[in-house]
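Novice: Sharing a structure with you now.
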Amino acid sequence: MKFLSTRGKSPQVTLREALLRGLAPDGGLYVPAHLPKLDFAEDPDLKADSIRSKFARAVLTPFFDEETAIREKLELICQDALNFPTPIRRLDSKTSVLELFHGPTLAFKDVGARFLAHTLDLMDLMDPDTSGRKRMKTVIVATSGDTGSAVASAFHKREGFQVVILFPKGRISARQEKQLTYWRDNVRTFAVHGDFDACQKLAKDAIADFELQSKHSFVSANSISLGRLLPQMIYHARAIVEYTSQTGAKPNLFVPSGNLGNGVAAMWAKSLGAPLGKVVLATNANRSVTNFLATKEWKPLPTVATLANAMDVGAPSNIERLRSLFPNHNHLIENVDSESVSDIEISKTIKEQPYGEVWCPHTATAVYVRNLEKYKAQDAIICATAHPAKFESVVEPLIGRTVSIPPSLGAMLIHSNEATDLEPTLSAFRSSIR
Ligand SMILES: *Cc1c(COP(=O)(O)O)cnc(C)c1O
């Protein structure tokens with residue numbers, strides 16, 4: 001399998017190159033050259049009752065066919081990366097929830113981050129320096145909250161890797177900050193005086209800076225990395241197969257969406273042959289994707305802050321992947337819907353506790369959209385992307401009681417925060433990272 005740029009002006013590359021480069025030289029994002037059809041009806045590994053790591057291997061093998069070191073270990077990698085459940089649970093006769101928040105940092109991003117960590121490790125990217133010693137890689141990531149802690153957790157104490165996290169000071173929840181600053185050892189966390197865009201720019205500038213790059217060998221772990229996206233197909237495909245085998249129905253899949261990574265992975269799973277109706281992208285008040293599907297015109301918008309902060313993206317980069325999968329707008333809207341949900345509707349949903357459950361603000365967008373008149377009668381899987389305890393300051397006042405804290409979060413809350421303050425300039429970064 002080769003990988004192409006969404007902009008079509010760069011040569012095709014292997015998965016290894018795509019992972020190392022992040023962006024293609026023409027500024028596009030890498031996508032699989034084709035999406036093979038898998039035999040979900042007949043392949044015993046792709047059935048609802050197969051072992052999950054075998055299922056994962058069957059989904060991913062076509063994409064890793066040229067990466068011999070990894071291909072042979074895919075089942076093991078998936079066993080280790082997915083060392084927590086991603087259960088699909090019945091809510092009513094036509095609705096199930098896919099719970100993606102049982103990992104170490106309580107959001108779906110643990111899946112991609114852990115898989116990426118294992119993959120980079122095995123790829124043995126550390127080219128020896130002149131003395132033949134292997135060089136340390138520095139994983140750099142800008143985060144609006146959830147990505148940073150998932151990446152830190154996945155690479156923590158992993159030999160050969162340093163981690164640099166850049167988060168916007170004062171713009172994340174108290175518990176998110178605890179999860180970002182907990183790690184120490186090989187993880188350095190910077191509280192950047194600026195917004196998420198400033199963090200992202202700093203990460204990009206650092207990677208592009210020749211001197212810094214040659215010293216630190218940065219690899220990006222941001223959400224455009226294929227190493228995070230590809231494994232996300234596994235849980236979507238698995239949930240769809242399980243749902244269909246139990247009910248005989250073809251569900252729609254409701255995905256709380258920001259940068260569209262999870263939504264694209266769901267669409268890829270459908271393209272592989274998983275029996276899915278529509279992928280329904282639930283966004284918050286950042287409505288550029290919803291506008292695009294309605295008008296055919298792609299117009300990125302300035303980001304607005306909402307209660308579902310991990311989805312505050314005005315110009316989602318993965319829109320390029322969605323558009324390259326469906327160059328024809330009619331094909332796109334046959335497969336994908338999008339609805340924008342306001343903060344008022346998010347609050348109302350959390351407060352009403354549909355299905356008798358407490359939802360995080362992100363998942364609440366998908367729960368709200370699932371219950372719109374036009375979808376109500378159809379079968380549905382709702383992706384639950386984070387645990388509500390992560391966003392207690394939004395959730396608890398609305399439901400009028402506390403949300404109990406899972407043990408993995410509890411351990412992080414008792415540590416004191418340790419982040420280095422940083423001005424959003426490359427020169428400040430250069431002297432801080434020394
Ligand atoms: C990152 C995140 C999202 C958005 O996912 P994308 O892949 O960027 O669309 C949704 N919910 C939660 C809890 C997240 O952390």
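A short reminder: the numbers here are calculations on the coordinates, not readings from a lab. Note that the structure is a prediction, hence the values are computed from the model and not measured. In this analysis, Cβ positions are derived from the backbone assuming ideal geometry, glycine residues included, and neighbour counts consider all displayed protein chains.
Novice: In Å and from the alpha-carbon atoms only, list the Rg and Dmax of the stretch 174-327.
Specialist: 18.1, 58
Novice: Please report, ordered by residue number, every helix of the chain (full DSSP H runs) that is 27 Å or longer along its axis going by C-alpha atoms and whose mean Kyte-Doolittle hydropathy reaches -1.0.
Specialist: 226-247
Novice: Between Phe161, Phe210, Phe63, find the one with the highest GNM mean-square fluctuation for the chain; connect C-alpha pairs within less than 10 Å.
Specialist: Taking springs between Cα atoms under 10 Å, the residue moving most is Phe210.
Novice: Let me check I've understood the local charge: for Glu320, count other residues with C-beta under 13 angstrom from its C-beta, Lys and Arg +1, Asp and Glu -1. What total comes out?
Specialist: +3
Novice: Still on this model: Which whole-number percent is the relative contact order of the chain (Cα, under 8 Å, 6+ apart)?
Specialist: 18 percent
Novice: For the stretch 60-107, report the % of Cα-Cα distances exceeding 12 Å.
Specialist: Here the tail beyond 12 Å accounts for 70 percent of pairs.
Novice: While we're looking at this one, here's another question. Taking 30 Å as R0, compute the FRET efficiency from the Cβ-Cβ separation of Glu373 and Asp343 and round it to 0.05.
Specialist: About 0.90, to the nearest 0.05.
Novice: Here's another thing I want to ask about it. Go ahead and run the numbers for FRET between Lys351 and Ala305, Cβ-Cβ distance against an R0 of 22 Å, rounding to 0.05.
Specialist: That pair, Lys351 with Ala305, gives E of 0.60.
Novice: Please tell me which of these pairs span more than 21 angstrom C-alpha to C-alpha: Lys270/Lys351; Lys54/Lys157; Lys73/Lys270; Lys2/Lys37; Lys9/Lys201; Lys169/Lys201?
Specialist: Flagged as over cut-off: Lys270/Lys351; Lys54/Lys157; Lys73/Lys270; Lys9/Lys201.
Novice: Could you give the C-alpha radius of gyration of the stretch 277-434 expressed as a fraction of 2.2 N^0.38 Å, taking N as the number of residues it contains?
Specialist: 1.25
Novice: Computed FRET efficiency, Cβ-Cβ of Glu72 and Arg184, R0 41 Å: what is it to the nearest 0.05?
Specialist: Working from the Cβ atoms, E equals 0.75.
Novice: Please give the contour-minus-distance gain from Asp92 to Arg434: 0.36 nm per residue of separation, less the Cα-Cα distance, rounded to one decimal in nm.
Specialist: Here the answer is 117.6 nm.
Novice: Right, next: Under 10 Å, Cα contacts only: if you run a Gaussian network model on the chain, which one of Val192, Val304, Val111 comes out with the highest mean-square fluctuation?
Specialist: The residue that fluctuates most here is Val304.
Novice: Can I ask one more? State, to one decimal in nm, how far the label point of Leu426 lies from the label point of Val403, with both points 7 Å from Cα in the Cβ direction.
Specialist: It works out to 4.0 nm between the two label points.
Novice: Considering the chain as a Gaussian network with a 10 Å cut-off on Cα pairs, which listed residue, Gln246, Gln179, Gln353, attains the greatest mean-square fluctuation?
Specialist: Gln246
Novice: Can you give me the pair-distance distribution of the chain, C-alpha pairs, 10 Å bins, whole percents?
Specialist: 5, 22, 34, 28, 10, 1, 0
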